[in-house]
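The values are calculated or read from the model by the stated rules, or taken from the named source; none is laboratory data. This is a predicted model, so every value here is computed, not measured. What goes into the accessible areas is simple: the full protein's heavy atoms, side chains included, and nothing from ligands, DNA or RNA. Shrake-Rupley method; radii C 1.70, N 1.55, O 1.52, S 1.80 Å.
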Amino acid sequence: MNLTDKLFYSIPSAALVLIAAAVMPVQAQVTTVTPPVSTVTPPAALVMENVPPVAASVAAQVAKYTEFKPTGFANWHPTKMEMLISRRHKNTPQIYRLAKPGGVPELLT
């Protein structure tokens, strides 16, 4: 039996209970403060019942999935081997020229 064990077993159990009781209130008083989280404000037209607030960080992460640009075939270029496609640009349908497969669309209108 080493010195630590001898000291531990030599302390009466009532003294251990008193030490534990003295330490417990100190630990209970420790509180963590969480910083306020900014949330997304829903439009006034929506009635929100039992819906938890959405953190602005979550809204920013999913924004790339909510904005998409539907693209459709419009026609073939009249004189070149190029495709004309219709795509939304700044919330208005526009015509783009696509010079090669997998190429970058070039805005025409």
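Observations on the structure shown:
- Test: residue in segment 12-28 that is modelled with pLDDT under 80, among the hydroxyl-bearing types (S, T, Y) and open to solvent by less than 100 Å² (accessible area, probe 1.4 Å): yes
- Members of segment 57-106 that are of a type in the set (A, V, I, L, M) and either assigned to a helix (DSSP H, G or I) or open to solvent by less than 70 Å² (accessible area, probe 1.4 Å) (or both): V58, A59, A60, V62, A63, A74, M83, L84, I85, I95, L98, A99
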